[in-house]
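Engineer: Below is a structure I'd like to ask you about.
Nothing in this text is a laboratory measurement; each read-out follows from the coordinates by a stated rule. All figures in this text were calculated on a predicted structure; none of them were measured in a lab. Here the Cβ positions follow ideal geometry from the backbone for every residue, glycine too, while neighbour counts run over all protein chains shown.
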Ligand code: I3S
C-alpha cells in the first residue's frame, strides 16, 4: 500500500508518500520498503524486503480519512504516541480489509 506519516509526536510534518509492504502481527504494524521502489543505484536496491519502521496499535485509532488527501481510499491512523499516518490503496476491498483488521486488533488489545 501507499503510506505517509503526517504528524510526528504531535508535530505536523510534510507528506512523503511511499510504497510499502505492510504486515500486521501481534498488534504491531510493520512497514517494509519495497525493493522495487528504491532509487536506482542505492545500497538498498537488493532483492531483500527490509523493515522500515513499526507502529504500535495499542491505544491507536483508525478510520477513513476525510479531506486529508486527493487520493482515493485513504485511511487515517492515529497512535497513542501522537503520530498520524495516512494509508492508501486503489482497490477499495483491500484497504477495507486493512481497516477491519486494524480495528479488530485495536479492540482486542484494549488500552491498558
Ligand atoms: O496535502 P497536500 O499538501 O496537498 O499533499 C501533497 C503534497 O505533500 C505533495 O508533495 P509536496 O510536499 O512536494 O507538494 C505530494 O506529492 C502529494 O502527494 C500530496 O497530496 P496527496 O493529495 O497525494 O496526499
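Engineer: Could you state the per residue volume, in Å³, of the convex hull enclosing the Cα atoms of the stretch 47-99?
Structural biologist: About 112 Å³ per residue, rounded to a whole number.
Engineer: May I pose another question? What per residue convex hull volume, in Å³, do the alpha-carbon atoms of the chain yield?
Structural biologist: That works out to 114 Å³ per residue.
Engineer: Per DSSP H run of at least 4 residues, take -39500 (n - 2.57); add these up for the chain, divide by its residues and hand me the 222 nm value, nearest 500 deg cm²/dmol.
Structural biologist: -5500 deg cm²/dmol
Engineer: Using only Cα atoms, tell me the angle between helix 92-109 and the longest principal axis of the chain; keep it within 0 to 90° and round to the nearest 10.
Structural biologist: Taking Cα atoms only, the helix is inclined about 50 degrees.
Engineer: Using a 7 Å offset from the Cα along the Cα-to-Cβ direction at both residue 81 and residue 66, what is the distance between the two label points in nm, to one decimal?
Structural biologist: Computed distance between label sites residue 81 and residue 66 equals 2.9 nm.
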